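Peer 1: Here you go, one structure.
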Amino acid sequence: MKIIFISGNYPNKLNYASGTFVRQFVLAMARLGHQCIVVSPLSLFKGGDFKLTTEKYRENIDNVNIEIYRPRFLSISSRKLFFFHTGKWTQFFFTRSIKQTLSKINIKPDIIYGHFLYPSGYAATKIASIFNVPVFIGVGEDSPWTMQAYGIELAKIHFHKNSFFIPNSTKNSEMLKNLLRVDESRIFMAPNGVDLTNFRPIDKNLARMKLGFDEDWFIVSFVGTNEPRKGADRLLKAINSMNNVKCIFIGKGTESLESEKIIFKGQVSQDIIPYYINCSDVFVLPTLSEGSCNAVIEAMACGVPIITSDGFHMSDIVDDTMSIRVDASNVELIREAIYEIQCNKRKRSLMGSASLVKSLSFDVNNRAKNITAFIESILDQ
């Protein structure tokens with residue numbers, strides 16, 4: 001199958017941590033033998049590097065080839081300005097850059113895939129109409145925020161009957177059905193998956209030796225952007241008064257966090273993250289809202305116990321055998337959960353083993369196979 005993937009969120013030279021979950025999915029589809037072309041527009045002024053030309057290159061990872069196109073477009077942000085929403089103009093230029101790029105490529109795709117409803121999903125519907133092929137949209141938003149520029153009623157029109165949806169959570173499936181009135185036959189729910197050959201258990205002492213961490217520390221790890229929703233600040237408040245507890249913060253913006261408890265903060269490449277997670281005794285993500293959280297699945301695949309939110313948005317991923325779920329806004333409850341894991345080595349071990357078993361359900365390669373089967377069922381109709 002020839003697939004054109006459209007995503008505004010894909011790793012690039014300026015931000016190698018951006019959209020790694022999209023790349024994992026594309027790689028898994030390519031491993032199945034699909035011809036995968038990614039079109040991922042970049043803002044003209046991204047990183048202060050003004051360019052008008054489209055960058056084209058190939059990624060070769062584990063003998064799998066992906067063709068990447070990075071056209072430049074004029075982004076006018078996405079915010080309400082008096083009676084107009086600038087996201088509509090950004091959408092126009094985003095879509096135009098993709099049309100111009102594909103007009104120069106000699107390819108007839110079988111399907112178009114767009115990641116997130118806006119801008120990529122809506123752009124994908126426009127491209128699909130040009131090629132007269134079905135469009136499949138990955139819905140991974142933590143909330144309907146991407147629809148703000150157009151609103152619910154216009155979104156219903158934009159995602160017409162030729163659109164099919166791959167939400168990554170029950171919550172997003174319900175959002176599609178209740179808000180956009182999408183028929184259930186056009187929806188295939190598939191929680192995110194991770195590469196289990198990269199995210200795997202590594203001996204804790206060896207991992208700590210590699211990174212220079214003390215064997216006696218009780219280490220908490222966090223992976224995510226430093227924003228209120230993810231809860232890095234709440235986690236830091238929770239551990240600041242705890243004895244012999246250290247913390248690793250991995251993600252964009254974590255460099256600004258300050259505490260003597262922090263032993264590492266910042267962004268690292270995907271191949272290094274498993275070492276940091278395996279150093280830890282518990283993975284904590286007090287997130288207020290998610291689509292389907294790859295960071296939690298990655299920690300599970302490393303065999304680490306999880307502390308996370310008790311919200312509905314985590315219910316597709318975690319259960320009571322391998323996680324402690326708390327009110328993610330309550331710092332004291334986060335602290336109590338960490339203390340429980342710190343004091344109970346047997347529970348820590350049992351939860352870690354359960355995490356590893358649970359992670360087997362989230363193999364990105366199996367996810368790609370299931371999604372391929374859904375796509376083929378639509379093409380066969």
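The values are calculated or read from the model by the stated rules, or taken from the named source; none is laboratory data. Because the structure is predicted, anything quoted here is derived from the model rather than measured. Ideal geometry is used to build each Cβ from the backbone, glycine not excepted, and the neighbour counts take in all protein chains shown.
This table checks each residue for (1) modelled with pLDDT under 95; (2) outside the structural domain of residue 7 (by TED's automatic domain parsing); (3) of a type in the set (Lys, Arg); (4) surrounded by fewer than 21 Cβ atoms within 10 Å (Cβ to Cβ).
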site: 106; (1), (2), (3), (4): yes, no, no, yes
site: 120; (1), (2), (3), (4): no, no, no, no
site: 137; (1), (2), (3), (4): no, no, no, no
site: 144; (1), (2), (3), (4): yes, no, no, yes
site: 148; (1), (2), (3), (4): yes, no, no, yes
site: 174; (1), (2), (3), (4): yes, no, no, yes
site: 187; (1), (2), (3), (4): no, no, no, yes
site: 199; (1), (2), (3), (4): no, yes, no, no
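Peer 1: Against the condition farther than 25 Å from residue 364 by Cα, in contact with a Cys (Cβ under 7 Å, 6 or more places away or on another chain) and part of a loop (DSSP other than H, G, I, E, B), how does residue 199 come out, does it pass?
Peer 2: So residue 199 does not fit the description; no.
Peer 1: Go through the stretch 103-155 and report how many residues are assigned to a loop (DSSP other than H, G, I, E, B) and more than 16 Å from the chain's Cα centre (by Cα).
Peer 2: Within the stretch 103-155, residues that are assigned to a loop (DSSP other than H, G, I, E, B) and more than 16 Å from the chain's Cα centre (by Cα) number 14.
Peer 1: Of everything in the stretch 1-21 that's within 15 Å of residue 291 (Cβ to Cβ) and of a type in the set (S, T, N, Q), which residue is surrounded by the most Cβ atoms within 10 Å (Cβ to Cβ)?
Peer 2: It comes out as 7.
Peer 1: Looking only at the stretch 88-97, decide whether some residue is within 21 Å of the chain's Cα centre (by Cα), among the small types (Gly, Ala, Ser), assigned by TED's automatic domain parsing to the domain that holds residue 123 and modelled with pLDDT of 80 or more.
Peer 2: No, the conditions are met nowhere in the stretch 88-97.
Peer 1: While we're looking at this one, here's another question. Given the residues 329, 349, 353, which is the only one that is in the same structural domain as residue 239 (by TED's automatic domain parsing) and within 27 Å of residue 24 (Cβ to Cβ)?
Peer 2: Only one candidate passes the filter, namely 353.
Peer 1: Tally the residues that are touching a Cys at 6+ places or on another chain (Cβ under 9 Å) and polar (S, T, N, Q), restricting the search to the stretch 222-280.
Peer 2: The qualifying residues number 3.
Peer 1: I'd like to check which helices (runs of 4 or more DSSP H) are fully inside the stretch 223-342 and have at least 3 residues that are crowded, with 23+ Cβ neighbours inside 10 Å and aromatic (Phe, Trp, Tyr).
Peer 2: Those helices (runs of 4 or more DSSP H) do not exist here; none qualify.
Peer 1: So for the stretch 174-188 (the condition being closer than 29 Å to residue 273 by Cα, touching a helix residue (DSSP H, G or I) at 6+ places or on another chain (Cβ under 8 Å) and not polar (S, T, N, Q)), does at least one residue qualify?
Peer 2: Within the stretch 174-188, none of the residues are closer than 29 Å to residue 273 by Cα, touching a helix residue (DSSP H, G or I) at 6+ places or on another chain (Cβ under 8 Å) and not polar (S, T, N, Q).
Peer 1: Given the residues 334, 338, 324, which is the only one that is closer than 23 Å to residue 236 by Cβ and touching a Ser or Thr at 6+ places or on another chain (Cβ under 9 Å)?
Peer 2: Result: 324 is the single residue among 334, 338, 324 that is closer than 23 Å to residue 236 by Cβ and touching a Ser or Thr at 6+ places or on another chain (Cβ under 9 Å).
Peer 1: Would you mention how many residues in the stretch 253-278 are in contact with a Ser or Thr (Cβ under 7 Å, 6 or more places away or on another chain) and farther than 15 Å from residue 21 by Cα?
Peer 2: Residues flagged as in contact with a Ser or Thr (Cβ under 7 Å, 6 or more places away or on another chain) and farther than 15 Å from residue 21 by Cα within the stretch 253-278 amount to 5.
Peer 1: Sticking with this structure for a sec: Please give the number of the condition residue 236 fails out of (1) over 16 Å from residue 283 (Cβ atoms); (2) in contact with a Ser or Thr (Cβ under 6 Å, 6 or more places away or on another chain); (3) among the aliphatic types (A, V, I, L, M).
Peer 2: (1)
Peer 1: A further question on this structure: Restricting to the stretch 156-191, name every residue that is farther than 22 Å from residue 293 by Cα and in a loop (DSSP other than H, G, I, E, B).
Peer 2: Answer for the stretch 156-191, where residues must be farther than 22 Å from residue 293 by Cα and in a loop (DSSP other than H, G, I, E, B): 159, 160, 161, 162, 180, 181, 182, 183.
Peer 1: Please verify whether residue 252 is basic (Lys, Arg) and modelled with pLDDT of 95 or more, treating the condition exactly as stated.
Peer 2: no
Peer 1: Mind listing whichever residues of the stretch 65-88 are touching a Pro at 6+ places or on another chain (Cβ under 7 Å) and outside any strand (DSSP E or B)?
Peer 2: If the condition is that a residue be touching a Pro at 6+ places or on another chain (Cβ under 7 Å) and outside any strand (DSSP E or B), then 71 is the only one that fits.
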